[in-house]
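Presented below is the structure to which this report refers.
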Amino acid sequence: MNSKNNNNNVGEEFVSEPIKPVAGTFEAAAMTRGEPGLPKRFIWRDKEYAVADVLEVWKELGPCKSGGPEKYLRKHWFKILTVNGLIMTIYFERQPRAKSQDKMRWWLYTVIGKEEEDE
């Protein structure tokens with residue numbers, strides 16, 4: 001784990017809940033490459049969080065849904081540090097899980113740490 005945070009002694013909490021990106025805060029450079037632009041701010045459980053640093057980025061491939069041998073890009077993963085001291089793993093789904101979830105493409109997967117109070 002990254003040594004610049006104080007969350008090493010706190011366990012990782014599984015969340016798996018959608019997050020709502022704040023409009024106008026997406027990373028435009030990634031979007032020009034055809035990748036999702038990581039939002040710099042997002043809402044989770046009615047609270048706004050801001051990204052202080054991106055610690056790790058990776059992609060997840062999955063099999064062809066029609067049974068072919070091809071592999072397709074399914075998710076873009078980001079491990080981030082928030083300005084209030086949390087380490088969060090979030091991901092973007094390239095295809096929504098269901099039509100009813102069409103707008104829920106960004107998900108919070110895990111959280112490590114306890115929030116530091118704003119001063």
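The values are calculated or read from the model by the stated rules, or taken from the named source; none is laboratory data. Fair warning: this is a prediction, and the values are worked out from it, not measured in the lab. Glycine also receives a Cβ, built like all others from the backbone with ideal geometry; neighbour counts cover every protein chain displayed.
Out of all the residues in the range 15-48, which are at pLDDT 85 or above and small (Gly, Ala, Ser)? Listed by number, the residues that qualify are Ser16, Ala23, Gly24, Gly37.
If you go through the range 80-103, how many residues are modelled with pLDDT of 75 or more, hydrophobic (A, V, I, L, M, F, W, C) and closer than 14 Å to Pro18 by Cβ? Adding up the residues that qualify gives 3. Kindly evaluate Gly37 against the criterion of being at positive phi and not hydrophobic (A, V, I, L, M, F, W, C). Judged against the criteria, Gly37 is not a match.
Residues that are under 15 Å from the mean Cα position of the chain (by Cα) and surrounded by 17 or more Cβ atoms within 10 Å (Cβ to Cβ) do not occur anywhere in the range 55-70.
So if I check each of Val10, Val51, which one is surrounded by 12 or more Cβ atoms within 10 Å (Cβ to Cβ), among the hydrophobic types (A, V, I, L, M, F, W, C) and at pLDDT below 80?
It is Val10.
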